[in-house]
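So the structure is just underneath, and the comments pick up after that.
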Amino acid sequence: MRLAAIDVGTNTTLLLLAEATSALDIRVLAERAEITRLGRGIGGDGRLGATGIERTLVVLEEYAALARAHGAPIVAVGTEALRRAPNATDFLAPAGKLVGPVEVIDGEREAALSYRAAASSFPAAAAGTMVVVDIGGGSTEIIRSEAGAIRFRRSLPLGSVRLTERHVRHDPATGEEVAAIQAEVRHALDAVPLAGGPPVVIGTAGTVTTLAAMAQRLASYDPALVHGYRLTLAALEDLVRTLRGATQAEREGMPGLDPRRADVILAGACVLLEIARRAVVTEVVTSDRGLLWGLLYEHLPASGR
């Protein structure tokens, strides 16, 4: 079976093109991640801008061509920006002509897909108490499981783009602006059962993988070095201190950080740090396999799952 899975996110549009016969026999044919900022403005009225729409459609056209070249059917989903946008059809209609219907999934399904990918990637963690954290541009999904059974699952409006647009007006961000981000994150997490277990925290999506790359000072992103990397709480705290004291120009030159993510990485890092503290863990295990892998596992033949 071949499949091209596409995730149209608030900040990034991703592709996973793979060939599989079972969950244990998967060959990645291509992976792409383009920062298209479809959800720019999500911190305001939530409307999709013409530039973000056009940029994302160009990328979808490229992904569709790649899928056709490999003879792979396409399954595409959209997340928080498309859930929220009052003009989502301005994007969905032309996108459908390129890749077929884009399913706008709710936060519950997004969380379930992220959990499925993490549980398949880290079965030992899933056998105990595990917290999966998926930090996106528009939202953060948190799933807590015990012995493979999901006990809590929620999507929170704590995305890196959304928090940055809502609170940051200066470069670098002022102490008051960072404090406002932290306060919003802490308030949203009050209703999330993170402590106890203690859990293994698995972090996925661009914010977490970027922080893992930064902690290792990678000159270029390497999934093999990021997937499974243990990002310690101390290293995460150091990264947040460094990011909050740096200008955007300085952040753009930091090893491991894609310059296109430099303006929103601080807010995302604040989300991850607060979650790690609330969970009372000393490290976050990084997963390079997120929602798209959940989609892939979902579409495997029943006999191969």
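Tabulated results
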item	result
Relative contact order %, the chain, counting alpha carbon pairs below 8 Å whose residues are six or more apart	20
For the range 137-286, Kirkwood radius (reciprocal of mean inverse C-alpha pair distance, Å)	15.6
Orientation-averaged projected area, Cα convex hull of the chain (nm²)	14.3
Rg followed by Dmax, in Å, when the range 83-171 is reduced to its Cα trace	16.2, 45
Solvent-accessible surface (1.4 angstrom probe) belonging to Met254, in square angstrom, nearest 10	30
Note, ³J(HN,Hα) from phi for the range 46-58, Karplus 6.51, -1.76, 1.60, rounded to Hz, x at Gly and Pro	x, 6, 7, x, 4, 5, x, 4, 4, 4, 5, 5, 4
Probe 1.4 Å, all protein chains present, accessible-area order of Arg251, Arg278, largest first	Arg278, Arg251
GNM flexibility winner over the chain from Thr210, Thr89, Thr140 (Cα, springs under 10 Å)	Thr89
Derived scalar couplings ³J(HN,Hα) [the range 166-177; Karplus, 6.51 cos²θ - 1.76 cosθ + 1.60; whole Hz; x for Gly, Pro]	6, 10, 9, 10, 10, 10, x, 4, 6, x, 5, 5
J(HN,Hα) series, the range 263-268, from Karplus relation 6.51 cos²θ - 1.76 cosθ + 1.60, nearest Hz, glycine and proline x	7, 10, 5, 4, 4, x
Within a Gaussian network of the chain (alpha carbon springs, distance under 10 Å), most fluctuating of His167, His187, His227	His187
Inverse mean reciprocal Cα-Cα distance (Kirkwood Rh) of the range 5-161, Å	16.3
Cα-based shape type of the range 36-99, given that a ≥ b ≥ c are square roots of the gyration tensor eigenvalues and the cut on a/c is 1.5	prolate
Residue of Leu266, Leu163, Leu24 that the Gaussian network model of the chain assigns the largest fluctuation, springs spanning Cα pairs under 10 Å	Leu24
Area projected by the alpha carbon convex hull of the range 63-133, averaged over all directions, nm²	6.2
DSSP beta bridges in the chain [antiparallel fraction, %, rounded to 5]	70
Paired Rg and Dmax values of the range 238-299, which use every Cα atom, in angstrom	14.5, 44
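The values are calculated or read from the model by the stated rules, or taken from the named source; none is laboratory data. Bear in mind that the values here come from a model prediction, so they are computed numbers and not experimental data. The area values use the complete protein model at the heavy-atom level, side chains included, leaving out ligands, DNA and RNA. Shrake-Rupley method; radii C 1.70, N 1.55, O 1.52, S 1.80 Å.
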